[in-house]
Each structure stands twice: as structure tokens, then as C-alpha cells.
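The structure appears below as C-alpha cells.
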Amino acid sequence: MGNRLPAHGYFAIDNGCFAHPEKFDRDKYADYITRQLALYPGRCLFATSPDVMGDHAGTLRKFATHADQLRGTGVPVALVAQPGLGCEDVPWGEIDALFLGGGTPWRSGMEAGALAVEAKRQGVWLHMGMVNTARRFRAARSMGCDSVDGTFLKWGPKKNWPRLLSWMDEVGTSPVMVL
């Protein structure tokens, strides 16, 4: 989404369709990805294919249209899972990561849980978006997520960094927090 990248560590690239679907430009997105891969080689976990919030069928149509262009940049490609997406719908051989998007209840529910189990079985990186509470962090960990993201640190880094570290200590091992 164009956020400033940290000096060290890994990052993921989100398409920004959640916040501003009308502003998405596929060529600008591909150019951005290419620049980030050149500036930070070996640090990008994945980039999300464009998605449609709450619409798994629309997201799959966009994936079919955009995945090849993304793959052409050399970035690992993530499909954003939306409510209604079933394991049988996912083009497993065409994705490098599964990003659990959708609304809050869905991301921690049985449907997303089944996708998480299959993603791990398929050897696909598993990510959960909008993880801003200890409860959701624990849910992501219990589902086997490899990474999470959220705005938790952005809105109070001095106060929230120690809280995040305590969540990580609580679960023993932790998913990567993607900035």
C-alpha cells in the first residue's frame, strides 16, 4: 500500500483494494512491486492479487486476470481469501500464499479454518490480515498463520510494542508481524 519499509526484516505488499478499490491501477502496482523487489531483494514474502472485499467469486475473477502480471514481476503471489471461498475453489498450484481477508468473524471461523488447514497441507504461506488484538493474534497462531498484519503498532508504537511482545511470549512461537 506504499507504506515506508523498515530497514530490516521481511515485508508483504498489499494491493490497497480494501481501502480504495476505485484507485487500483494494475500497471502502477506492478511497477511498485518491481521497485520494492529491486530495493529490498529477498525480503518480500508475497504481494496480494487484487481482491473484492466480501466477494470470493469477484476476487477469483480478478486473480485470473492479474496473477500472471504479478508473477511476471518475480514476486510470490497471494490470493486474498474472502467469505464463501472453499478449498475446492482455490487455485492451489498458482499461489504462493493465502491471505485470510474478509470480515473479522469470518477470518477466525470454520470456513477460514478449513482454508488454513489446506494451505498448510499444500505448503502455502498462510497470512491473516487485520490482526490488532491479542485474541486475534492467538487465533492466527492457532490456525497456523506464518505472518499477520495490522495497524496495532502504527497507532501507538511505544505503548503497543511491549504488548505485541507479550502476545508473542504468550504463544511461545509467533507468526511474523508484517509491517
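See the values below:
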read-out: Cross-chain or 6+ apart pairs with Cβ under 7 Å, the range 65-78 first and closer than 21 Å to residue 43 by Cβ, then assigned to a helix (DSSP H, G or I) and polar (S, T, N, Q); value: 73/34
read-out: Candidates 79, 70, 98, filtered to the one that is aliphatic (A, V, I, L, M), farther than 20 Å from residue 19 by Cβ and either modelled with pLDDT under 95 or surrounded by 15 or more Cβ atoms within 10 Å (Cβ to Cβ) (or both); value: 98
read-out: Those residues of the range 119-134 which are of a type outside the set (Lys, Arg), assigned to a helix (DSSP H, G or I) and more than 16 Å from the chain's Cα centre (by Cα), in sequence order; value: 122, 134
read-out: Residue check, residue 61 at negative phi, part of a helix (DSSP H, G or I), among the basic types (Lys, Arg) and surrounded by fewer than 16 Cβ atoms within 10 Å (Cβ to Cβ); value: yes
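The values are calculated or read from the model by the stated rules, or taken from the named source; none is laboratory data. These figures come from a predicted structure and were not determined experimentally. No Cβ is skipped: glycine too gets one built from the backbone with ideal geometry, and neighbour counts run over all protein chains shown.
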